[in-house]
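These notes are about the structure you will find just below.
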There are 2 protein chains.
Amino acid sequence: MQTTQSMLSVDNQHKKVFGPTKVPDRLLLGPGPSNSDPQVLNAISLNPVGHLDPFYIALMGEVQELLRYAWQTNNRLTLPMSGTGSAAMEATMANIIEPGDTVLVGIKGYFGNRLADMADRYRANVQTVEKEWGEAFTLEEIENALIKYRPSLFAIVHAETSTGVCQPMDGIGDLCRKYNCLLLLDTVTSLGGVPLFLDSWKVDLAYSCSQKGLSCPPGLGPFTMNERAEAKLAERKGKVPNWYLDVSLLNKYWGSDRVYHHTAPVNMNFGIREALRLLAEEGLQNSWDRHKNNAQELWSGLENLGLKMHVPIELRLPTLTTVSIPPDVDGKAFTLHLLNNFGVEIGGGLGSLAGKVWRIGLMGYNSRTENVEKVLSLFKSELPKFRN
Amino acid sequence: MQTTQSMLSVDNQHKKVFGPTKVPDRLLLGPGPSNSDPQVLNAISLNPVGHLDPFYIALMGEVQELLRYAWQTNNRLTLPMSGTGSAAMEATMANIIEPGDTVLVGIKGYFGNRLADMADRYRANVQTVEKEWGEAFTLEEIENALIKYRPSLFAIVHAETSTGVCQPMDGIGDLCRKYNCLLLLDTVTSLGGVPLFLDSWKVDLAYSCSQKGLSCPPGLGPFTMNERAEAKLAERKGKVPNWYLDVSLLNKYWGSDRVYHHTAPVNMNFGIREALRLLAEEGLQNSWDRHKNNAQELWSGLENLGLKMHVPIELRLPTLTTVSIPPDVDGKAFTLHLLNNFGVEIGGGLGSLAGKVWRIGLMGYNSRTENVEKVLSLFKSELPKFRN
């Protein structure tokens, strides 16, 4: 029987000498991440504690309660997944879909496509209903698709980060109940910045991220499901085909049992606790109003410079604005210029909007008058240099 | 067509008023998380940057290179998964297993069971070979199991966090090649603190965590796979049944294409970059020696107090020590006393060792003479109060 290791010696070919970690100062006015609140960054840098420490267990409860407030839900199963928003997105699919379930996805942008891709990996019968990137669905379109496909789950994006469209929610929940279907809502770019009433809207499952309206770095994915969704989970024939995101296991850790599942990302949870606390301190309605007011200032300022918004005003997101790139401008060269010379990040288009729009985010801590003024002054002084 | 939202107003039932986030000062000498290096905490608190920012892209390359050094591997596909160690564990399974593949898991503790559970969720034909918790496998036992089951993947834990055993690795890689099987190694409690030579050991896939030997908070899961494992991934008939952990997609972001996959947890990556940089600065061999020396001080000090280690010395992990709880002591009451009155966390047993051992970690930043002295002095002064 072997008991000692071979005598090997360390190979230094990958041992590189790097200086201490420093980061350039960026004003993040793209689709996210947005800048974090300094108080959140301070919370994240506190000493870690154990994931079963009584102090941490209490903090978990505070995070859950504040998430319920932010989402306007009473859902017991409300918690941050230990991954980014995409992990929380996948958690909704992984837990609810059983092989062969019909899942209907409303696609009106990049993230609708992602939902369809994920549902397919969980062996759903995936059906889609599509709109142009920049439009929203009507109730009639949704009802027709529900009648046609009779899905057990309808997934739709509230705030499409790729297009800047806010999907009107009135009546969608009622339709899903009428056709006996669960409603899954992507709130990645709306939580904290755009009115959200999960329970009143009869949303059964939702997810979000930490790095936009919550002013926290990326790394956590808020997740929630109501009793209707829990019932579907409880009826599963087999195990959830994803261990890390299995809500039946996570429930034992986040619920009263506190059974160890995985080692929680404790420092990120210090951060989201602080971020949600600051949101509650400001008040949801105040935060929503602030986002709306700053967005309106941005829109009118850009229009005064002769620019055109990609989305009609009644569907426009206050958190993320898509601006049509004038035909004589190299959009990518302009954003690189802003990043390299002014430290300001704004985003380009994704998917079918690549090269056609800029994406300007005013989210969470970054939704401030001085940031609106900064963007407008940069567009005014720098954009003319990029016109051919 | 609906274009306006219903007039709903904010419900304040979950709006709780909490004070700013504060954390008790803990010395984390349990199975993890361990305390983070203050320089790592400082790095984590820096302003976020965009996940496609040229600065961040360069930082990603530095993290990958330093991970290769820490693991002693040349694997191109070496990156931190955007979740905790368990996510990286699942990533190895999700990418490599196709339904019906025979997976052999060596179980000699809690985390071997977790590997088997995960493999089952990816529809493998799961076979196991087991040892008592506190023992390691012999080469003969492994070879017999490889002959019996002819698996396409053999998964084993290098450093079992539940038992404190370090599995000797000599010859295991050769056996796996002989029987045409991939070798998957859990290095969660060894990376940075225990000699690890992935390439020399012919390990095909491995994963780890950020919060132990690397002195970073929990939240990232280092992952690596070599060309043999990549070849198996490339031959898959269907998509990887896990979107978030799909290495074929992640490779496009971490590789030269830099195609957006998910929004990276940028601040956690600032932290792990700093943690790996500090490890390289100290030097791997120095770090391994430090862990070994401090562990030996702990062992002899505890033995001088009449305590017995659970694992024979030749198999004992330097990062995590399991100490047999004397039959007349309430182990849980003692650890609660240390936490509540001295702010020192040590761990209890998991699974079949629950109530039977304490787990004392001396990992990364915490592997220091003063911490050894602190533990010994607490055992000396406080343990007698808990003897019946």
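The values are calculated or read from the model by the stated rules, or taken from the named source; none is laboratory data. This structure is a prediction, so every number in the text was calculated from the model and none was measured. Note that we place each Cβ from the backbone using ideal geometry, even for glycine, and neighbour counts take in every protein chain shown.
Being assigned by TED's automatic domain parsing to the domain that holds residue B:63, over 15 Å from residue B:94 (Cβ atoms) and in a loop (DSSP other than H, G, I, E, B) is the requirement here; does residue B:192 meet it?
Taking the combined requirement at face value, the residue satisfies it.
Considering (1) crowded, with 18+ Cβ neighbours inside 10 Å; (2) at positive phi; (3) more than 10 Å from every other protein chain (Cβ to nearest Cβ), say which one residue B:223 fails and leave the rest.
The number of the failed condition is (2).
Can you list residue pairs whose Cβ atoms sit under 6 Å apart, with the first residue in region B:250-270 being more than 12 Å from residue A:33 (Cβ to Cβ) and within 9 Å of chain A (Cβ to nearest Cβ) and the second being aromatic (Phe, Trp, Tyr) and in a loop (DSSP other than H, G, I, E, B)? Count only pairs 6 or more apart in sequence or on different chains.
none
Has region B:77-96 got at least one residue that is of a type in the set (Ser, Thr, Tyr) and touching an Asp or Glu at 6+ places or on another chain (Cβ under 6 Å)?
No, there is no match, as no residue in region B:77-96 is of a type in the set (Ser, Thr, Tyr) and touching an Asp or Glu at 6+ places or on another chain (Cβ under 6 Å).
Test residue A:283 against the stated conditions and say whether it is without any contact (Cβ under 8 Å) to a residue 60 or more places away in the chain and either more than 19 Å from the chain's Cα centre (by Cα) or more than 20 Å from residue A:101 (Cα to Cα) (or both).
yes
Criterion first (surrounded by fewer than 20 Cβ atoms within 10 Å (Cβ to Cβ) and in contact with a Phe, Trp or Tyr (Cβ under 9 Å, 6 or more places away or on another chain)) does residue A:113 satisfy it?
no
Residues being more than 8 Å from chain B (Cβ to nearest Cβ), among the hydrophobic types (A, V, I, L, M, F, W, C) and either over 17 Å from the mean Cα position of the chain (by Cα) or closer than 15 Å to residue A:271 by Cα (or both): count how many of those fall in region A:60-85.
The total comes to 6.
What residue, among those in region B:104-123 that are assigned to a loop (DSSP other than H, G, I, E, B) and charged (D, E, K, R), is nearest to residue B:188 (Cα to Cα)?
B:108
Got a sec? Which of A:335, A:319 is surrounded by 22 or more Cβ atoms within 10 Å (Cβ to Cβ), closer than 30 Å to residue B:42 by Cα and not assigned by TED's automatic domain parsing to the domain that holds residue A:215?
Going through A:335, A:319 in turn, just one is surrounded by 22 or more Cβ atoms within 10 Å (Cβ to Cβ), closer than 30 Å to residue B:42 by Cα and not assigned by TED's automatic domain parsing to the domain that holds residue A:215: A:319.
Here are some residues: A:258, A:273. Which one is more than 30 Å from residue B:7 (Cβ to Cβ), more than 22 Å from the chain's Cα centre (by Cα) and in the same structural domain as residue A:172 (by TED's automatic domain parsing)?
Checking each option against the conditions leaves just A:258.
Please go through region A:310-338 and pick out each residue that is under 22 Å from residue A:135 (Cβ atoms) and either within 14 Å of chain B (Cβ to nearest Cβ) or basic (Lys, Arg) (or both).
Scanning region A:310-338 gives A:311, A:312, A:313, A:314, A:315, A:316, A:317, A:318, A:320.
Do you know which of the residues in region A:347-388 that are among the polar types (S, T, N, Q) and surrounded by fewer than 17 Cβ atoms within 10 Å (Cβ to Cβ) is nearest to residue B:261 (Cα to Cα)?
That would be A:352.
Yes/no per residue for (1) in a helix (DSSP H, G or I); (2) surrounded by fewer than 22 Cβ atoms within 10 Å (Cβ to Cβ); (3) modelled with pLDDT under 95; (4) touching a strand residue (DSSP E or B) at 6+ places or on another chain (Cβ under 7 Å):
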{"position": "B:14", "(1), (2), (3), (4)": "no, yes, no, no"}
{"position": "B:35", "(1), (2), (3), (4)": "no, no, no, yes"}
{"position": "B:42", "(1), (2), (3), (4)": "yes, yes, no, no"}
{"position": "B:56", "(1), (2), (3), (4)": "yes, yes, no, no"}
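Just need a number here: residues in region B:243-260 that are in contact with a Lys or Arg (Cβ under 7 Å, 6 or more places away or on another chain) and at pLDDT below 95.
Residues in region B:243-260 being in contact with a Lys or Arg (Cβ under 7 Å, 6 or more places away or on another chain) and at pLDDT below 95: 1 in total.
For region B:23-37, which positions are more than 7 Å from every other protein chain (Cβ to nearest Cβ) and either under 16 Å from residue A:261 (Cα atoms) or of a type outside the set (Ser, Thr, Tyr) (or both)?
Across region B:23-37, the qualifying residues are B:27, B:29, B:31, B:37.
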